Amino acid sequence: MKRPGCWKTPAVAVCLVLLAGLQAQDLQGHVSIILLGATGDLARKYLWQGLFQLYLDEVGKGYSFSFHGAALTSTKQGQEFVTKVLESLSCPEDVAPERCAELRGRFQQLSQYRRLRTSEDYMALSKDIEAQLQHEGLREAGRIFYFSVPPFAYADIARSMNSSCRPGPGAWLRVVLEKPFGHDRLSAQQLATELRSFFQEEEMYRVDHYLGKQAVAQILPFRDQNRKALDGLWNRHHVERVEIIMKETVDAEGRTSFYEEYGVIRDVLQNHLTEVLSLVAMELPYNVSSSGAVLQHKLQAFQALRGLHKDSAVLGQYQAYSGQVRQEQQKPDSFHSLTPTFAGILVHMDNLRWEGVPFILMSGKALDERVGYVRILFRNQAYCAQTEARWVADQSQCLPRQIVFYIGHGELGSPAVLVSRNLFRPSLPSESWKEVEGRPGLRLFGRPLSDFYAYSPVREQDAYSVLISHIFHGRKDSFITTENLLASWAFWTPLLDSLAYEAPRLYPGGAANGHLLDFEFTGTQVRFSQQQPEQLVPGPGSAPSPSDFQVLQSKYRDSPLISAWPEELIAKLADDIEATAMRAVRRFGEFHLALSGGSSPVPLFQQLATRHYGFPWAHTHLWLVDERCVPLRDPESNFQGLQAHLLQHVRVPYYNVHPMPVHLHQRLCAEEDQGAQMYASEISALVTNSSFDLVLLGMGTDGHTASLFPQSPAGLEGPQPVVLTRSPSKPHQRMSLSLPLINRARKVAILVMGRMKREITMLVSRVGHEPKKWPISGVLPSSGQLVWYMDYEAFLG
Ligand code: BG6
């Protein structure tokens, strides 16, 4: 082909480059990008710009492109919209304005809008792509379908696309999906199954735009490039805590119909903050550029997450929110939303690297500033002999030591990586990260900026531009795989369920929030630091608060009764148990405690684990009152509850822990295995007179206690100290201490909590000794003491 002017120098050099480009173009092939939802908000704000950036970055490297904006909007309106957006596209700062205009012009020529509604429209699109390839003699490299549409539209689009728009053999297909990816574990699973019927896993790119934020995308490379310095530091021995924070000043006005369905945990924590958490917490793969290895290590990190419970979270809602929902969704004046717009969550990982390190995840709308960061704060175990005025940033070990991935906004105003100078000088790729210039007076995380080695990107890039480039290069580690998604929902769904009816704390918004949303954590529990001020309490302000009540002491079934609000009741019971333990250890050198399972004792276990530093754990033997016939690792197992909420936090010697032998010879509670007899022998060998120092019982709504149920005679009398029984509810098979053994105890405490117990509490208060009907009525220690602990809801209703 004749190429005019190419023989003249200096144009020769330019022509050679062009020729090389054209040949390379032939080599790499043609890519068609179809943007569905091309007239939407996301497309207008980010996606068109991201596609333009991709074009700028890649066109010289041998690819040819065509961009198809598509939506339901009519062709005329859509074309007008797209033309307007394309005119506003910008180039990187170092591109001269004329050159930028020229590039934009070329991009515009390659871009067109079309209406895509029916399956015929999809067929026509595919035909047009094929015709273009043929006409221009291009080899097809692949097609990208970017679904910037609400999830309810996914299935129809996917079906049409799958049946008529797949590229020919040898070319790839990439389908890009935007959140929300479900509402909980089940809906995410359903959506995933539906999508899997159309697309292969490797074809799907689920976007979490936080993975495209430059500081977030730098976490793994940073860990990799600074392996040597971080190797000894990135663990529970050195890290005091990790904060993963996304604060916003905006509220949810204008999008309450979405927000009301989701709330802050689903909107931000389940995805953005969890992804960041996994990048910080995962084991570092040997090769961080292997997508497969990164994704696999990420999944392992999910597996190490300790389950969350109600007390792992504090929730808030900005005051204007309910009003906005009422207005935007025509709700009656009486409507009050329970949707949280603020959440602080305490997460722990159960693995050797992170055990005991608190990970704080926090996000909220209508807060005092917009900022996002991950802060790894290291323990400080130094004492500095000189006065603070003489401490030098890069030498003093007494100054705080921290690494911060500053995602953006805030005081600094741009993404950054900050490393305290007293840690180490980090290595970052100099072509993409530069040292931040000094900003006298600027303080971050309690220190002047000059205390940090601080780096920011040479070229700031929007997250979507980064991700579009990663899609193009097939970098799957920047996206959410199905397994990853389901693991995240599996982690969050139980917490979301348990919080569904919790009233969030109301906050005024902005700077006026003061310290209202500050929270504190101990052990696995988190709570607001301040009491809720009265004027913010919704509904009748006169509801009694726990502190309005004293712990009441009276009698129930002729035995002492202690009643209080739950928190105080648990505190009192824990104190009493500790006092009993101290007495027993002083007198006999050991303390034998038999504990029930279920949900009522959980707060007690937590209280003992986190508040009772003087407890003589080293001399305590822990026994089970009853057990479900499931493996000990099963979440239903009483022992598992004890392990999760108490054992793993205290130091009870291994040989003092006595789970019930329900799982023998690879089967559960078989009579022939004689598990009950084995447990009885163990008790008789270790507990003097088989008389426990303290037995903690509960009472079921049917009057059962331990695993001794009405209408089932096993264990109510007779010589067998430990028995196999049957529960009316699943799992049916149980093992239990018998009533005669329980009644040998020196002390029995019965804990009854919650409104559900109100009726049985009233009933049992009137009945005599009728263990067959109400096994609880058979609890009468022969020479020991019985004490009832009831909260007001169980006792007063
Ligand atoms: C989105 C959430 O995923 O992230 C929004 O749906 C939130 O509620 C937004 O405002 C925050 O993203 P960025 O990039 O502004 O920090």
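A compact table of results
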item: Test for Ser712: is it surrounded by fewer than 19 Cβ atoms within 10 Å (Cβ to Cβ), among the small types (Gly, Ala, Ser) and under 19 Å from Ala594 (Cα atoms); result: no
item: Which listed residue, of Gly703, Gly718, is open to solvent by less than 10 Å² (accessible area, probe 1.4 Å) and either on the phi < 0 side of the Ramachandran plot or in a loop (DSSP other than H, G, I, E, B) (or both); result: Gly703
item: Per-region count, the range 479-527, residues in a loop (DSSP other than H, G, I, E, B) and under 15 Å from the mean Cα position of the chain (by Cα); result: 1
item: Filtered residues of the range 667-688 (kept if in contact (Cβ under 8 Å) with a residue 40 or more places away in the chain and within 21 Å of Arg744 (Cβ to Cβ)); result: Gly675, Ala676, Gln677, Tyr679, Ala680, Ile683, Leu686, Val687, Thr688
item: Residue that is most open to solvent (accessible area, probe 1.4 Å), among those in the range 214-232 that are away from the ligand (no atom under 13 Å from the Cβ) and polar (S, T, N, Q); result: Gln225
item: Among (1) buried (at least 17 other Cβ atoms within 10 Å of the Cβ); (2) away from the ligand (no atom under 16 Å from the Cβ), the one test that Ser363 misses; result: (2)
item: Scan of the range 758-797 for residues that are among the aromatic types (Phe, Trp, Tyr) and within 40 Å of the chain's Cα centre (by Cα), ordered by number; result: Trp788, Tyr789, Tyr792, Phe795
item: Qualifying positions in the range 555-607 - within 40 Å of the chain's Cα centre (by Cα), among the aliphatic types (A, V, I, L, M) and assigned to a helix (DSSP H, G or I); result: Leu569, Ile570, Ala571, Leu573, Ala574, Ile577, Ala579, Ala581, Met582, Val602, Leu604
item: Unique residue being within 16 Å of the ligand (Cβ to nearest atom) and in a helix (DSSP H, G or I) when the list is Leu211, Leu195; result: Leu211
item: Condition met for Leu486 (among the hydrophobic types (A, V, I, L, M, F, W, C) and open to solvent by less than 20 Å² (accessible area, probe 1.4 Å)); result: no
item: Residue that is farthest from Thr524 (Cα to Cα), among those in the range 634-658 that are open to solvent by less than 40 Å² (accessible area, probe 1.4 Å) and outside any helix (DSSP H, G or I); result: His658
item: Residue satisfying all of: in the range 369-396; away from the ligand (no atom under 16 Å from the Cβ) and of a type in the set (D, E, K, R); least open to solvent (accessible area, probe 1.4 Å) among these; result: Arg375
item: Residues (under 24 Å from Pro603 (Cα atoms) and either under 35 Å from the mean Cα position of the chain (by Cα) or surrounded by fewer than 18 Cβ atoms within 10 Å (Cβ to Cβ) (or both)) located in the range 728-757; result: Ser729, Lys730, Pro731, Arg734, Leu751, Val752, Met753, Gly754, Arg755, Met756, Lys757
item: Selection count, the range 617-633, where residues are touching a strand residue (DSSP E or B) at 6+ places or on another chain (Cβ under 8 Å) and surrounded by fewer than 20 Cβ atoms within 10 Å (Cβ to Cβ); result: 3
item: Out of Ala155, Ala188, Ala171, sole residue that is over 30 Å from Gly356 (Cα atoms), surrounded by fewer than 19 Cβ atoms within 10 Å (Cβ to Cβ) and in contact with a Gly (Cβ under 7 Å, 6 or more places away or on another chain); result: Ala171
item: Residue selected from the range 404-423 under the condition at positive phi and not in a loop (DSSP other than H, G, I, E, B), by the criterion most open to solvent (accessible area, probe 1.4 Å); result: His409
item: Subset of the range 424-437 that is in a loop (DSSP other than H, G, I, E, B) and touching a strand residue (DSSP E or B) at 6+ places or on another chain (Cβ under 7 Å) - its residue that is most open to solvent (accessible area, probe 1.4 Å); result: Arg425
item: Pick from the range 397-408, criterion within 16 Å of the ligand (Cβ to nearest atom) and not aromatic (Phe, Trp, Tyr), ranking: modelled with the highest pLDDT; result: Ile407
item: Failed item, numbered, when Glu567 is tested on (1) of a type outside the set (S, T, N, Q); (2) open to solvent by 60 Å² or more (accessible area, probe 1.4 Å); (3) at pLDDT 95 or above; result: (3)
item: Residue, nearest to Leu751 (Cα to Cα), within the range 586-598, restricted to residues that are in contact (Cβ under 8 Å) with a residue 12 or more places away in the chain and open to solvent by 30 Å² or more (accessible area, probe 1.4 Å); result: Gly598
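Yes/no per residue for (1) away from the ligand (no atom under 12 Å from the Cβ); (2) touching a Gly at 6+ places or on another chain (Cβ under 8 Å); (3) in a strand (DSSP E or B):
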{"position": "Trp234", "(1), (2), (3)": "yes, no, no"}
{"position": "Met246", "(1), (2), (3)": "no, yes, yes"}
{"position": "Ala252", "(1), (2), (3)": "no, no, no"}
{"position": "Tyr259", "(1), (2), (3)": "no, no, no"}
{"position": "Gln270", "(1), (2), (3)": "no, no, no"}
{"position": "Leu284", "(1), (2), (3)": "yes, no, no"}
{"position": "Val288", "(1), (2), (3)": "yes, no, no"}
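Conditions (1) basic (Lys, Arg); (2) touching a Ser or Thr at 6+ places or on another chain (Cβ under 8 Å), marked per residue:
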{"position": "Asp350", "(1), (2)": "no, no"}
{"position": "Trp354", "(1), (2)": "no, no"}
{"position": "Gln381", "(1), (2)": "no, no"}
{"position": "Ala393", "(1), (2)": "no, yes"}
{"position": "Arg401", "(1), (2)": "yes, yes"}
{"position": "Phe405", "(1), (2)": "no, no"}
{"position": "Leu423", "(1), (2)": "no, no"}
{"position": "Trp433", "(1), (2)": "no, yes"}
{"position": "Arg443", "(1), (2)": "yes, no"}
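One line per residue, one yes/no per condition, for (1) touching a Leu at 6+ places or on another chain (Cβ under 7 Å); (2) touching a residue at least 40 places away in the same chain (Cβ under 8 Å); (3) more than 16 Å from the ligand (Cβ to nearest atom):
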residue: Ser427; (1), (2), (3): no, yes, yes
residue: Lys434; (1), (2), (3): no, no, yes
residue: Leu449; (1), (2), (3): yes, no, yes
residue: Val458; (1), (2), (3): no, no, yes
residue: Phe472; (1), (2), (3): yes, yes, yes
residue: Thr481; (1), (2), (3): yes, yes, yes
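The values are calculated or read from the model by the stated rules, or taken from the named source; none is laboratory data. Predicted model only: the values in this text are computed from it and were never measured. So basically every Cβ, Gly included, is an ideal-geometry build from the backbone, and we count neighbours across all protein chains shown. These accessible areas exclude ligands, DNA and RNA; they are computed on the full protein's heavy atoms, side chains included. Shrake-Rupley method; radii C 1.70, N 1.55, O 1.52, S 1.80 Å.
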